[in-house]
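Asker: I have a structure here, written as structure tokens, and I will follow up with some questions on it.
The values are calculated or read from the model by the stated rules, or taken from the named source; none is laboratory data. Bear in mind the structure is a predicted one, so any value in this text is a computation, not a measurement. Note that each Cβ is placed from the backbone with ideal geometry, even for glycine, and that neighbours are counted across all protein chains shown. These accessible areas exclude ligands, DNA and RNA; they are computed on the full protein's heavy atoms, side chains included. Shrake-Rupley method; radii C 1.70, N 1.55, O 1.52, S 1.80 Å.
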Amino acid sequence: MLVSPSLLSADFLHIGDAVRMLDAHADLIHLDLMDGVLVPNLSFGFSVSDAVCAAASIPVDAHLMTVHPWAWFPHLAKKGVRYISFHLEAAGGDALQHLRSLRALGVKAGLAIDPDVPVHKLFPYIGEADFFVVMSVYAGFGGQKFIPESLARIAALKAELRRRGDAALIEVDGGVSAANASSLREAGADILVAGSAVFGAPDPSAVIRALRAA
Ligand code: DX5
Ligand code: ZN
């Protein structure tokens, strides 16, 4: 499995150290971009994401928790973000167009849903997305408790992807830890996002290894 640790849980006074550690040990770097409108929190914007992209050699995975997500695609792609996901809740009827815009910019196109959006709402976008983000907590904050019903949602999406012979990856985001990583893999997860489990541990690189090997 691929591991995409979330910088949201890093020590922001030492963010460069966190990026260097992830660059040496992780598969992707997950950047949570929040606007205080789609979700009730603010995180960081272009000044941080540009600096992370410039410093990282592994792919940066931006998770847009914003309204009007398309407005940020060109800048992020230009600065080298390789994976960009946005929320179906924010895109509504424009999700297909947004996925196509991302692919046209040469980035991996991802579509995310919160836990209260039925998973079958993703099915019309199979074939148009490179990855799907199944949120296993409500978007907005790190350190929340994993919602166990997410396992069945991942399995349902995986079954539909297999049935249609589609190679899109499933990223799981929220409350992921070494305790649930093997269940997530069995359900069909391909990319594990983990914030507090990685940065709250005494040895973050050991947690990344454990998640990858789950
Ligand atoms: C939540 C974010 C997550 C968050 C995960 O809105 O999308 O990426 O950082 O944090 P943990 O792993 O602590 O749940
Ligand atoms: Zn995220």
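Asker: Of the residues Asp61, Asp17, Asp32, which is under 24 Å from Val207 (Cα atoms), surrounded by fewer than 18 Cβ atoms within 10 Å (Cβ to Cβ) and at pLDDT 95 or above? Working first, answer last.
Answerer: Numbers: Asp61 fails: surrounded by fewer than 18 Cβ atoms within 10 Å (Cβ to Cβ); Asp32 fails: surrounded by fewer than 18 Cβ atoms within 10 Å (Cβ to Cβ).
Of the residues listed, the single one that is under 24 Å from Val207 (Cα atoms), surrounded by fewer than 18 Cβ atoms within 10 Å (Cβ to Cβ) and at pLDDT 95 or above is Asp17.
Asker: Right, another one. From the list Ala156, Ala95, Ala187, Ala139, pick out the single residue that is away from ligand 2 (no atom under 15 Å from the Cβ), closer than 24 Å to Asn41 by Cβ, of a type outside the set (Phe, Trp, Tyr) and open to solvent by less than 50 Å² (accessible area, probe 1.4 Å). Talk me through it step by step, then tell me what you get.
Answerer: Numbers: Ala156 fails: closer than 24 Å to Asn41 by Cβ; Ala187 fails: closer than 24 Å to Asn41 by Cβ; Ala139 fails: away from ligand 2 (no atom under 15 Å from the Cβ).
It is Ala95.
Asker: Would you be able to say whether some residue in segment 110-131 is over 24 Å from Pro74 (Cα atoms), among the basic types (Lys, Arg) and away from ligand 1 (no atom under 11 Å from the Cβ)?
Answerer: Taking every residue of segment 110-131 in turn, at least one turns out to be over 24 Å from Pro74 (Cα atoms), among the basic types (Lys, Arg) and away from ligand 1 (no atom under 11 Å from the Cβ).
Asker: What number goes with the only condition from (1) surrounded by fewer than 20 Cβ atoms within 10 Å (Cβ to Cβ); (2) on the phi < 0 side of the Ramachandran plot that Gly80 does not pass?
Answerer: Every listed condition holds for Gly80 apart from (2).
Asker: A further question on this structure: Consider Val67 carefully, then state whether it is away from ligand 1 (no atom under 16 Å from the Cβ), without any contact (Cβ under 8 Å) to a residue 60 or more places away in the chain and either aromatic (Phe, Trp, Tyr) or closer than 24 Å to Phe46 by Cβ (or both). Show your work before the answer.
Answerer: Values: away from ligand 1 (no atom under 16 Å from the Cβ): no; without any contact (Cβ under 8 Å) to a residue 60 or more places away in the chain: yes; either aromatic (Phe, Trp, Tyr) or closer than 24 Å to Phe46 by Cβ (or both): yes.
Considered against the rule, which asks whether it is away from ligand 1 (no atom under 16 Å from the Cβ), without any contact (Cβ under 8 Å) to a residue 60 or more places away in the chain and either aromatic (Phe, Trp, Tyr) or closer than 24 Å to Phe46 by Cβ (or both), Val67 comes out as no.
Asker: Looking only at residues that are in a loop (DSSP other than H, G, I, E, B) and either open to solvent by less than 20 Å² (accessible area, probe 1.4 Å) or touching a helix residue (DSSP H, G or I) at 6+ places or on another chain (Cβ under 9 Å) (or both) in segment 191-202, which one is farthest from ligand 1 (Cβ to nearest atom)?
Answerer: Taking segment 191-202 first, the residues in a loop (DSSP other than H, G, I, E, B) are 195, 200-202.
Now narrow it down to the ones that are either open to solvent by less than 20 Å² (accessible area, probe 1.4 Å) or touching a helix residue (DSSP H, G or I) at 6+ places or on another chain (Cβ under 9 Å) (or both): 195, 200-201.
Numbers: Gly195: 3, Gly200: 8, Ala201: 11 Å.
Among them, the one singled out is Ala201.
Asker: So which residues in segment 1-40 are of a type in the set (A, V, I, L, M, F, W, C), touching a residue at least 60 places away in the same chain (Cβ under 8 Å), within 10 Å of ligand 2 (Cβ to nearest atom) and assigned to a strand (DSSP E or B)?
Answerer: If the condition is that a residue be of a type in the set (A, V, I, L, M, F, W, C), touching a residue at least 60 places away in the same chain (Cβ under 8 Å), within 10 Å of ligand 2 (Cβ to nearest atom) and assigned to a strand (DSSP E or B), then Met34 is the only one that fits.
Asker: Can you spot a residue in segment 162-170 that is basic (Lys, Arg), in a loop (DSSP other than H, G, I, E, B) and under 18 Å from Asp32 (Cα atoms)? Talk me through it step by step, then tell me what you get.
Answerer: Step one: filter segment 162-170 for residues basic (Lys, Arg), giving 162-164.
Filter once more, so that each one left must be in a loop (DSSP other than H, G, I, E, B): 164.
Then keep just the ones that are under 18 Å from Asp32 (Cα atoms); that gives none.
No, there is no match, as no residue in segment 162-170 is basic (Lys, Arg), in a loop (DSSP other than H, G, I, E, B) and under 18 Å from Asp32 (Cα atoms).
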